Amino acid sequence: MSAEATELVDDADFVRVCALDDLTVGTAAAADIFGTRVAVVRTGEREVHAVNDTCSHANVSLSEGEVDGCTLECWLHGSRFSLVTGEPTGLPATQPIAVYDVRLEGDDVLIRLTPENES
Ligand code: FES
């Protein structure tokens with residue numbers, strides 16, 4: 001799945017990215033939100049995470065990697081990133097990736113670009 005979001009849903013800066021049914025549990029998909037590439041990961045029936053799609057080690061798309069529980073593995077060198085904190089759990093990546101707020105409204109997946117792990 002690849003989606004492009006260009007319209008704000010409400011005044012809290014959430015944008016609708018896709019329908020929940022567009023996402024398969026245990027897989028990642030890429031979305032473009034106002035030019036920012038986001039990896040959207042469904043980890044459960046009504047559990048969806050969103051992180052920056054670019055690995056912090058090199059310019060590689062994380063949505064092409066494997067989902068393992070609540071982590072996303074970079075396909076190039078194997079660093080895994082927590083979908084909750086954005087922190088890498090192993091080398092070679094040492095820097096976190098941005099984590100974004102996700103809201104489910106019925107069958108709609110909404111994402112807010114303000115990084116949850118940056119102040
Ligand atoms: S490019 Fe992702 S771990 Fe090296």
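For segment 88-119, which positions are part of a loop (DSSP other than H, G, I, E, B) and hydrophobic (A, V, I, L, M, F, W, C)?
Keep residues of segment 88-119 that are part of a loop (DSSP other than H, G, I, E, B), which gives 89-98, 106-107, 116-119.
Scanning segment 88-119 gives Leu91, Ala93, Ile97, Ala98.
Could you check how many residues of segment 47-61 are under 15 Å from Gly90 (Cα atoms) and of a type in the set (A, V, I, L, M)? It would help to see each step written out before you state the result.
Step one: list which residues in segment 47-61 are under 15 Å from Gly90 (Cα atoms), which gives 55-58.
Adding the requirement that they be of a type in the set (A, V, I, L, M) leaves 58.
Residues that pass the stated criteria total 1.
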Hey, could you check segment 27-64 for residues that are buried (at least 23 other Cβ atoms within 10 Å of the Cβ) and assigned to a loop (DSSP other than H, G, I, E, B) and say which is farthest from the ligand (Cβ to nearest atom)? Asp53
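Any idea which residue in segment 70-87 is surrounded by the most Cβ atoms within 10 Å (Cβ to Cβ), counting only those that are without any contact (Cβ under 8 Å) to a residue 40 or more places away in the chain and outside any loop (DSSP other than H, G, I, E, B)? Spell out how you get there, then give the answer.
The first filter runs over segment 70-87 and keeps only residues without any contact (Cβ under 8 Å) to a residue 40 or more places away in the chain, leaving 70-71, 73-82, 84-87.
Now drop any that are not outside any loop (DSSP other than H, G, I, E, B), which leaves 71, 73, 80-82.
Details: Thr71: 21, Glu73: 19, Arg80: 21, Phe81: 27, Ser82: 19.
Step by step, filter segment 70-87, then rank; the result is Phe81.
Counting only residues that are farther than 16 Å from Val25 by Cα and touching a strand residue (DSSP E or B) at 6+ places or on another chain (Cβ under 6 Å), which one in segment 65-81 is nearest to the ligand (Cβ to nearest atom)?
If we filter segment 65-81 for residues that are farther than 16 Å from Val25 by Cα, which is where we start, we get 74-81.
Going one step further and asking which of them are touching a strand residue (DSSP E or B) at 6+ places or on another chain (Cβ under 6 Å), we end up with 79-81.
Numbers: Ser79: 4, Arg80: 9, Phe81: 9 Å.
Checking each candidate, the answer is Ser79.
Just so you know, all these numbers are worked out from the coordinates, no wet-lab data involved. Predicted model only: the values in this text are computed from it and were never measured. Here Cβ is always computed from backbone atoms with ideal geometry, including for glycine, and neighbour counts include all displayed protein chains.
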